[in-house]
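Working notes for the structure below.
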Protein chains: 2
Amino acid sequence: MLKLSKLTDYAVVALVRLGQKSEVTTSPVLSRSTGIPEPTVAKVLKILATQGIVTSQRGARGGYRLAQPLEEISIAAVIQAIDGPISLTTCVDGGDCDARSTCGLGGQWDMVNAAIRHALSAITLADMKNHTVTDRLGGLHVPPMPDGPEATA
Amino acid sequence: MLKLSKLTDYAVVALVRLGQKSEVTTSPVLSRSTGIPEPTVAKVLKILATQGIVTSQRGARGGYRLAQPLEEISIAAVIQAIDGPISLTTCVDGGDCDARSTCGLGGQWDMVNAAIRHALSAITLADMKNHTVTDRLGGLHVPPMPDGPEATA
DNA sequence: CCATAATTGGACCAGAACAGTACTGTTTCC
DNA sequence: GGAAACAGTACTGTTCTGGTCCAATTATGG
């Protein structure tokens, strides 16, 4: 379905909420604040901590804090932290494409991947919080799309 | 991992190959021509037929044919045909988001979805065949990306 | 006009990946 | 020393993808 994992969705919600607090925040607090189940939000924060998106403070009075302001964290960074690298096909960069010789299109998917990564890198968590899109998005902000439900024409 | 299904990859390969033939082509022929297992390529073509990407002719001497030239079929159309709608999260357009009131970001994912759809609509199957990217891609072709493996900064 | 063969169409089943949960261990404050 | 909170690992249930099989349909040949 070309949809990212629900964990990533939770991560964005939690990070945005975390960015609205200046103090270190615990998982239970963030759970109550976002509505995400406590074990799940804990898991998400754990992963984000390992990836350097948030910094953690262990022990009593511990919690999590953003490693960077919301404006500096791109959607692509969050997705890569939770879901792993953004690669639409396995047939990229030395993947295990068993029909590489016959399929005809060498590594053309790389171009598609780059396009998506670029689109995702241009959107930050601050953009997700605010309902206004910054100008950095260039021509990407909800343009008149030429694609219909079925075909392109 | 934000990767699309292998079926979609197969679909692109099969469609490009199909675009190089002017006659109706059967699944077995396309299988031998692409290296994709016969049942799989048959399934892919079947789905593409229901979505109107290809036209089918049943019975003996039947087969498949492109409904439109390769230049008119976008990657987005193929992905939507195989994988379903491009919606990164379930929390879009009346989805089953159970924390809509608490999560804070209303339908901001729509913006992300639109950006990806736009990027995918700009690439056609003809672009996948040829190794040159058309000018319609604008600023999307492998730009200097500001995103690192871990964080954005 | 009928039988046969070829081919698509739709349904079914197995395998893997993911989401979610629980438990144990380590660290820090009181 | 006790309590609170993160860190890491392991497990289970569910969903989805990938692949296979059988039924419906049509052109061809007799």
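The values are calculated or read from the model by the stated rules, or taken from the named source; none is laboratory data. The structure presented is a predicted model; accordingly, all values stated were derived computationally and were not measured. Methodologically, a virtual Cβ is constructed for each residue, glycine included, from the backbone with ideal geometry; neighbour enumeration extends over all protein chains shown.
What to note about this one:
- Of the criteria (1) more than 7 Å from every other protein chain (Cβ to nearest Cβ); (2) more than 10 Å from DNA strand D (Cβ to nearest atom), which one A:G35 fails: (1)
- Of the residues screened, A:R65 is not one that is more than 11 Å from chain B (Cβ to nearest Cβ), part of a loop (DSSP other than H, G, I, E, B) and either within 13 Å of DNA strand C (Cβ to nearest atom) or touching a strand residue (DSSP E or B) at 6+ places or on another chain (Cβ under 7 Å) (or both).
- Listed by position, the helices (runs of 4 or more DSSP H) contained in the stretch A:1-57 that have at least 2 residues being away from DNA strand C (no atom under 14 Å from the Cβ) are A:6-19, A:27-34.
- Exclusive hit being more than 17 Å from A:L88 (Cβ to Cβ), touching an Asp or Glu at 6+ places or on another chain (Cβ under 7 Å), within 12 Å of DNA strand D (Cβ to nearest atom) and among the small types (G, A, S), set B:S5, B:S27, B:S56: B:S27
- A:T90 at pLDDT 95 or above and of a type in the set (S, T, Y): no
- Taking the numbered list (1) farther than 19 Å from A:M1 by Cα; (2) modelled with pLDDT under 95; (3) within 11 Å of another protein chain (Cβ to nearest Cβ) in turn, B:L4 passes all entries but (1).
- Residue in the stretch B:69-83 that is more than 10 Å from chain A (Cβ to nearest Cβ), more than 13 Å from DNA strand D (Cβ to nearest atom), surrounded by fewer than 18 Cβ atoms within 10 Å (Cβ to Cβ) and at pLDDT 95 or above present: no
- Only a single criterion out of (1) touching a helix residue (DSSP H, G or I) at 6+ places or on another chain (Cβ under 6 Å); (2) touching a residue at least 40 places away in the same chain (Cβ under 8 Å) is not satisfied by B:S56, namely (2).
- B:T40 being facing chain A (nearest Cβ under 10 Å) and surrounded by 15 or more Cβ atoms within 10 Å (Cβ to Cβ): no
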